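See below for the structure under consideration.
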Amino acid sequence: MQTTSTPTHCPYCALQCGMNLSPTPEGGVEVTERADFPVNRGALCGKGRTAPEVLSSRVRLTSPLVRSGGTLVPATWDEALDRIAGELARVRAEHGPDALGVFGGGGLTNEKAYTLGKFARVVLGTSQIDYNGRFCMSSAAAGGIKAFGLDRGLPFPMEDIPRTGCVILVGSNLAETMPPSLRFFNELKENGGTLIVVDPRRTKTAEQADLHLMPRPGTDLALALGLLHLVVAEGRVDEEYVRERTSGWEEARAAAMAHWPEYVERITGVSVPQLRETVRMFCEPEAAMVLTARGPEQQSKGTDTVGAWINLCLATGRAGRPLSGYGCLTGQGNGQGGREHGQKADQLPGYRKLDDPAARAHVAAVWGVDPDSLPGPGRSAYELLDALGTDIRSLLLMGSNPVVSAPRAAHIEERLKSLDFLAVCDVVLSETAALADVVLPVTQWAEETGTTTNLEGRVLLRRRALTPPEGVRSDLEVMRELAARLGVEKGFPTDAEEVFEELRRASAGGPADYSGITYRRLAEENGVFWPCPALEGDDAHPGTPRLFLDRFATPDGRARFVPVSHRPTAEEPDDDYPVLLTTGRVVAQYQSGAQTRRVDELNAAAPGPFVELHPRLAARLGAAEGDPVAVVSRRGRAVAPARITTGIRPDTVFMPFHWPGEGRANTLTNPALDPTSRMPEFKVCAVRVENASS
Ligand SMILES: Nc1nc2c(c(=O)[nH]1)N[C@H]1C(S)=C(S)[C@@H](COP(=O)(O)OP(=O)(O)OC[C@H]3O[C@@H](n4cnc5c(=O)[nH]c(N)nc54)[C@H](O)[C@@H]3O)O[C@H]1N2
Ligand SMILES: Nc1nc2c(c(=O)[nH]1)N[C@H]1C(S)=C(S)[C@@H](COP(=O)(O)OP(=O)(O)OC[C@H]3O[C@@H](n4cnc5c(=O)[nH]c(N)nc54)[C@H](O)[C@@H]3O)O[C@H]1N2
Ligand code: SF4
Ligand SMILES: [Mo]
């Protein structure tokens, strides 16, 4: 037990707020202020403040569980690990390595994500690994790679935001999803800058905006194209920048010119005067930014949509210049690092590509295996979950709760139940863990050391602050033990720093190069931005807070315009399903709620699901505030109390997705996938709404 306070970072979102953990007389820890971390300067949201409650043995798992006679019963670690290894070996012998699926999470530390990818490819020999980050920022990642040749959520630190001239915030409700970050936008306004928010709902974030555009869900692509049309029509293109720093302008320009403002107004519901005002506010200042989050990204055309917003930045010279740029607000605690080190279907550590022979050779050498032994790219998250029980017969899951968070969740629940064997590592008995054949209880953030990479690309050190309870082991220990039981004795260290040292070598020379970063530097420097290559001699690379200022990461150094055109959502409303459903978050619950639904204070603030709807729609149903309403889609039916507000479009209803059961939003959502990123269309599907009062 430590007696002094330990500086560390929050277990939840990608802001990775700094906090101190101070010992309590009872032997636990409490969160105290840590003012030296520049992203939050001591401020925390309620989730971060109450995070230690999930460390309590009252709510967490402290013994492995093994299914016996239909129920999960406590077992020893050896029994549980033997059972998993035995089943994995049996399935592999009967059906081949690709019958073994692995599913990871963007909340896992870099060390865990790296080890999970290595475990899948080296120990299991399977190509069938992906993770929940696919459901999160994959469209922005794909868009960034297409345009800039590199995907780092924000290409600049958040502290640049107050000094730019205008920010267009597209589909982010950061007042609820990253509350301490609101400070940067308030400072922007104090400095004379402006904030434009694009959201079909008047959220707490939209209330802060100088201009709020309220498009119909699923039409952000048309909106961005209409703005680019006006930029051209009004002579606001930065011709010199376009000539010197970009390629592909003519095709992108031609595509945008087909999107007349009046046509865009008809598609989006955003009026032509509002479009003109947006262009004026964005183009007049010397510098400006576009930031997207899940609103425009979680669509079956998310990649093209991100491309269209990037085109707007490029045409106006607002990328790769000081205080200007396009950025994606990544979501999960290690949403950035989790997408760089190989738990993604097509990826090797350092953001290398699994189908690149040089990348395979480099990583195979670090791992001490034959490059030809590494499997090829596998399936994306939804496709992997959809294949459970058919060609994938067993699944090892770490850091996700898809029973609540996957699209078309009732179907995915059935797929999980149809597996020969399911093993889940978790800190609590999540809804998905409850379906498992074996559940392993693991250590958490405050009980283990590891690194995360926040939404700015800043690599951070989380330090161990207390001793874990009896009976739990770390994810790294789990993988070491399973590897050993499956015949791989070496290469799976359980010490996080040792794993990080190997990750440094594996990432060296890759796009996300961590080779110049050490635990010692992270402790001393309060985080280091990647890329940070190791240098010859004694010099240390300073890290890279700002990307693209001299050149983009493309072969010719130019940013690439992408020619994109509007297309409808996968499921447009019709007579049977005339209303649009969109989904998202509330401030007091996190994701599937597995952790935050175990905290009393958070449940008091956000006790359950609801359906947000406009008074006109409510009147048509004869529903009053709090009445149960049913939302029905082609996938199923969910029921939750009505929350009536003029702050939503009358053609749209909103549900948060944090709860299982009758009010589960994902019973309804459409798994239509973006063709490039394979992102499901969480943000729009067609529904009908009924009064469910008896
Ligand atoms: N409290 C809390 N904070 C969180 C999380 C959490 O679960 N709870 N999760 C973390 C994670 S992993 C993530 S990814 C982030 C997500 O952070 P955000 O992206 O801010 O969260 P969402 O609520 O999913 O979506 C943002 C907004 O998109 C709007 N929207 C819906 N449809 C559309 C559309 O078609 N176009 C546009 N422009 N907007 C639309 C919604 O009305 C919503 O206000 O939050 C992180 N922080
Ligand atoms: N309708 C709708 N659905 C959505 C979204 C939406 O906007 N709308 N957003 C999507 C997005 S952006 C995301 S990111 C996903 C997230 O959804 P999920 O993938 O379900 O994410 P979490 O609820 O954070 O699940 C993490 C699980 O891992 C456990 N855990 C935490 N730390 C550790 C650890 O260190 N090791 C292990 N082994 N387990 C740990 C937690 O207890 C929890 O059970 O949901 C997606 N689903
Ligand atoms: S904003 Fe995110 S990182 Fe900060 S305290 Fe809240 S959940 Fe934690
Ligand atoms: Mo996310």
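Structure data summary
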{"read-out": "The range 415-525: Cα Rg divided by the 2.2 N^0.38 Å rule of thumb", "value": "1.25"}
{"read-out": "Accessible surface, per residue, of the range 602-694 when the full set of protein chains is kept, probe 1.4 Å, Å²", "value": "36"}
{"read-out": "Per-residue SASA entry for VAL102, accessible area with 1.4 Å probe, Å² rounded to 10", "value": "0"}
{"read-out": "Residue-averaged 222 nm ellipticity for the chain, from DSSP H runs of 4+ at -39500 (n - 2.57), nearest 500", "value": "-8000 deg cm²/dmol"}
{"read-out": "Two-site FRET efficiency, ARG634 against ASP36, from Cβ-Cβ distance with R₀ of 60 Å, rounded to 0.05", "value": "0.70"}
{"read-out": "Alpha-carbon gyration tensor eigenvalues x 5, square-rooted, for the range 263-393, Å", "value": "39, 21, 12"}
{"read-out": "Net charge dipole size for the range 519-603 [Lys, Arg +1 and Asp, Glu -1 on Cβ; Debye, nearest 20]", "value": "220"}
{"read-out": "For the range 1-145, size of Cβ-based charge dipole, Lys and Arg +1, Asp and Glu -1, in debye", "value": "260"}
{"read-out": "Cα-Cα P(r), the range 186-309, percent of pairs per 5 Å interval", "value": "2, 10, 19, 24, 22, 14, 7, 2"}
{"read-out": "Per-selection metrics, the range 242-313 (Cα): Rg and Dmax in Å", "value": "13.3, 36"}
{"read-out": "Leading residue at positive end of dipole, the chain (Cβ point charges), from VAL472, LEU169, GLY133", "value": "LEU169"}
{"read-out": "Loop-resident sites, the range 620-694, for trypsin sites (Lys or Arg not before Pro), counting at most 16 other Cβ within 10 Å (DSSP)", "value": "ARG634"}
{"read-out": "Inter-label distance, nm, simple model (7 Å from Cα along the C-beta direction), SER565/ARG266", "value": "1.5"}
{"read-out": "Alpha carbon convex hull of the range 550-634, volume per residue in cubic angstrom", "value": "244"}
{"read-out": "Within the accessible area of the chain (1.4 Å probe), percent carbon and sulfur", "value": "48"}
{"read-out": "For the range 422-486, accessible area per residue (1.4 Å probe, heavy atoms of protein chains only), Å²", "value": "22"}
{"read-out": "Pairwise centroid distance, computed over Cα atoms, of the range 282-330 with the range 556-596, Å", "value": "16"}
{"read-out": "Share of pairwise Cα separations in the chain, more than 42 Å, in percent", "value": "22"}
{"read-out": "Dipole magnitude of the chain about its Cα centre (Cβ charges: Lys, Arg +1; Asp, Glu -1), debye to nearest 20", "value": "740"}
{"read-out": "Order of exposure, largest accessible area first, which applies to GLU26, GLU286, GLU601 with probe 1.4 Å", "value": "GLU286, GLU26, GLU601"}
{"read-out": "Pairwise label distance in nanometres, TYR519 with GLU690, each label 7 Å out on the Cα-Cβ vector", "value": "5.8"}
{"read-out": "Computed over the range 510-651, Cα set: Rg, Dmax in Å", "value": "24.9, 74"}
{"read-out": "Solvent-accessible area of THR109 with every protein chain in place, 1.4 Å probe, in Å² to the nearest 10", "value": "10"}
{"read-out": "FRET efficiency for VAL232 and GLU572, using Cβ-Cβ distance with R0 set to 22 Å, rounded to 0.05", "value": "0.15"}
{"read-out": "Segment ALA484-ASP539, extension gain: residue separation times 0.36 nm, minus the distance between their alpha carbons", "value": "15.9 nm"}
{"read-out": "P(r) histogram, all alpha-carbon pairs of the range 499-563 included - 10 Å bins from 0, percent", "value": "20, 45, 25, 9, 1"}
{"read-out": "q = 0.14, 0.18 Å⁻¹: log10 I(q)/I(0) that the Debye formula gives for the range 589-670, counting C-alpha atoms only", "value": "-0.48, -0.76"}
{"read-out": "Against the rule of thumb 2.2 N^0.38 Å, how large the Cα Rg of the range 527-598 comes out", "value": "2.06"}
{"read-out": "Where the range 126-192 is the region considered: accessible area per residue in Å², 1.4 Å probe", "value": "21"}
{"read-out": "Geometric extent, Cα atoms of the range 347-441 - Rg, Dmax (angstrom)", "value": "15.9, 43"}
{"read-out": "The range 58-158: mean projected area of Cα convex hull, nm²", "value": "10.4"}
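The values are calculated or read from the model by the stated rules, or taken from the named source; none is laboratory data. Here the structure is a predicted model, which means the values were calculated and not measured. Don't worry about glycine lacking a Cβ; one is built from the backbone with ideal geometry, like all the others, and counts go over all protein chains shown. Heavy atoms of the whole protein, side chains included, go into the accessibility calculation; ligands, DNA and RNA do not. Shrake-Rupley method; radii C 1.70, N 1.55, O 1.52, S 1.80 Å.
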